[in-house]
Structures are given as structure tokens and as C-alpha cells.
Amino acid sequence: MAAGNNNKPQNIDNHFDVVVVGGGASGMMAAAQASLRGKRVLLLEKNKRLGEKLKISGGGRCNITNAEHDQRKLLSKYGKAEQFLYSTFAQFGVAGTFSFFEERELPLVVEASKRAFPKTQKASDVVRTLEAALAIGKVTIKTLTPITKILCDGKEITGVVSKSGTYTADSYILATGGMSHPETGSTGDGFGWLRSLGHTVIAPSPEIVPLSTKESWSHALKGISIPEAKVTFYMNNKRAFARKGPLLFTHFGISGPLVLNASGAVADLLQEGEVTARIDCFPQMDERELETHILKIFDAEKNKLFKNVFRKIAPTGTHTVLLRLLPQIDLQKKVHSITKEERKLVIQLLKGLPLTIDALLGLDKAVVADGGVPLEEMDMKTMRSKRFKNLLITGDLLHIRRPSGGYSLQLCWTTGFVAGTHA
């Protein structure tokens, strides 16, 4: 999988206006946009099907974008890359993404934290929409075609080599993705090629990953989510920081947007000491308000057993497991016999479920990994490499940190569209 300093190859199998390497989100968008401009486009993908990572994104629902239409607020989420992205997003931003999919009869819905999903709630429909755009543009698609070598003459790319032949073009778009979810084919091939071509490539790290927890009760809740929780993280028993948002329990610990966006900061804490956390299941209420809420339920159910009434208090799907964390209370007690002290134990539990953070999960569990080509080596108005005038680079191959919540896919749509426009 190396690049080579070769002259233009002889015995050319096929020549195209544009060759796109990588059939993921940014690659499909780039190929579709280039074809709509009348370019003859070849899309090469090493998997059997296009969009394998896209199909599992957002838990299979595909968080297409974040519906933040204030450009400055949106780009502030990309950290140090913000200054480089204004000219890129001016060409195709959040509004462009909504238009692209809705004009192709895939309406979007906006959920908590401005996360936008297809109304059908199916990531596969996003892939089908992109495939339809490729078909309209008459893009030539070759799957099961991994690239083994990129040819160059020092000034420009002259071809890409696969087992099925060598393909040449006027422009080449590299859209192979980063290293998160390697089971979908994102194994970092593009990083190796870019290094061989002389680009700087910053090593990837799992930036947005779930957290592993010690407590078995959290594992027992796998698949259960709390739509709006607050998690406070502690290092050596001292409060470090807190985050609010959707929380998901898994067989190894906790995940969901709240956790994923906190993982980078947790990584720093883990290097300094023991990290623990407390989950507030009702961040919208203080302890007094939660007690009032519980008392109303108790008054209505006063002759029923506590273990049965607790179902109406605890977050949906959690009551059976959380009862294990209340050993001081006789579960067979009727609600009218629950003391003020016991009621306080319930409140303390629901406002502070205790956890010990073991570790961050690795690249195989990462939603997004950073790393890639520094933006200083790119012309972000066109997505062209500053080293090779006919090489354009998109998506996860660029070193841009971003949170979860639709920002990563928006980056793919934007950089793919701009690359397809200028190829």
C-alpha cells in the first residue's frame, strides 16, 4: 500500500476525469458532485458495498448533521481547525446538507442537541440516497477493488494501482477514511499513502470513544438509555468536570453523546489518578423537586409494594437493576411505610449513581479518531493538497478534532462536496 515515484504508467486500463478512492460518506458525496458537473468519474471501494461505516453510524440511524445554522457556533466545535473551515463551509454547510437529502426525498428530523437524522431513522436510506445520486451522474463504481499503490512523478499523481489494473485521471480524490471502526474497512490505508507522498500525517488517537466501567450493575443495563442525564467526573475523589446529554449503558460500561464528548477529558484524568463518576438521572430537578415528584407517586400508590412503585420513579428500564443498589430498604415494604431517611436514599441514588471508570475503549470502538494531514498542508477552499495540484483529500484523512452529534458527518459532506466541485 505504498506510493511510488513513477512516470505516467503505460498500458493504461482506464482514464477518467476524476478517480475517487473510498466509497464512504465523503467519497460518495465527492463522486456525486463531480459527476453532476459532467465529469466522468470512477469510484473505487475495497469493500463489497459502499457506505459500510455509514450504515452503522448513529446506532444504525445515521446522525447526518447537527442543525446548528449559526456558522460561527458550528465551526467553533471543530477546535483549532475553525479558522481553516470558513471558506469550506461557505460553499456547502448545514443548509446544503438539508437541501441535498430533502431534495432527494429523504426528509430529516431534528432531535435533542440539534442532532439531525433521516425521518425514516434508517442509515441504510442515507446510503441509498447517495447511491441514487451516483447513478444519476453515471459514476462508474468498482467495489472489492483495494488500491495497492499510488503513482506520482513528484509534481502530480499519475495513477492508482489495484489488482484489477491501473486507473488514471486528471484529478484524484482520496477519501479512504481514518481508523475508527476498522471492521468497516477504515484501517488507515490513506495515512500510509499520504506519508509516502511526502505529506505530514499526525498519528490518530481514539478521540470519541465509550468508557469502560468497573461496576457490574452498569453492564447489566446494557442497551438502556437515559435521554437527558448529567455525569460528574472525579479524579482522586475531587470534582473535575460535568457533562449533560443522552447516556447509553453498554455491556462494557457507558456510551452515548454525553460520554463520547467527555472521553478526551477523561483520558487526561486517567493518566493522573483514579477516575470515578456519578450519574444524575434527573438533572432537570434539584433534590427537593425530585422528592416532591416522588411523594406524589407515593401518595397515589401508598398501599403498593416499594419494589413495584420504584418502577414509576426510576428511568425507564432501570428499576430492576437499580433496586440492587438499595440494600438498606426492604423491597417488600409498602410505600406508606417508607421512612423519610429511606426516601432520601432513593433520591441520593437517582441523583448520583456511582461508577468507577476503568479505561477508554480503543480505535475499534471509536466513533471518530483524529489524526491525518494538518490543514496547513491543504488549500481548504478547494480541498487540494498543496504538494500535488491534482490530489484532493477529504473527511477523516484530515486532522480535525470534533465532537459527536453530527459534526463528523457534516465534515464529510462538506469536504466531499467541495472536493467534487473543484476536481
Of the listed residues (ILE297, ILE279), the one being buried (at least 21 other Cβ atoms within 10 Å of the Cβ) and either in a strand (DSSP E or B) or in contact (Cβ under 8 Å) with a residue 12 or more places away in the chain (or both) is ILE279
The residue that is farthest from ILE136 (Cα to Cα), considering only those in the range 36-59 that are basic (Lys, Arg) and not in a loop (DSSP other than H, G, I, E, B), is LYS53
ASP170 meets each of (1) under 23 Å from LEU398 (Cβ atoms); (2) modelled with pLDDT under 95 with one exception, condition (2)
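Residue-by-condition table, conditions (1) touching a residue at least 24 places away in the same chain (Cβ under 8 Å); (2) part of a loop (DSSP other than H, G, I, E, B):
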residue: PHE84; (1), (2): yes, no
residue: SER87; (1), (2): yes, no
residue: GLY96; (1), (2): yes, no
residue: PHE101; (1), (2): yes, no
residue: GLN121; (1), (2): yes, yes
residue: ALA135; (1), (2): no, no
residue: THR145; (1), (2): yes, yes
residue: TYR167; (1), (2): yes, no
residue: THR176; (1), (2): yes, yes
Among GLY405, GLY395, the single one that is modelled with pLDDT under 95 and out of contact with any strand residue (DSSP E or B) (no Cβ under 8 Å at 6 or more places or on another chain) is GLY395
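The values are calculated or read from the model by the stated rules, or taken from the named source; none is laboratory data. Keep in mind it's a predicted model, so treat the numbers as computed, not measured. Ideal geometry is used to build each Cβ from the backbone, glycine not excepted, and the neighbour counts take in all protein chains shown.
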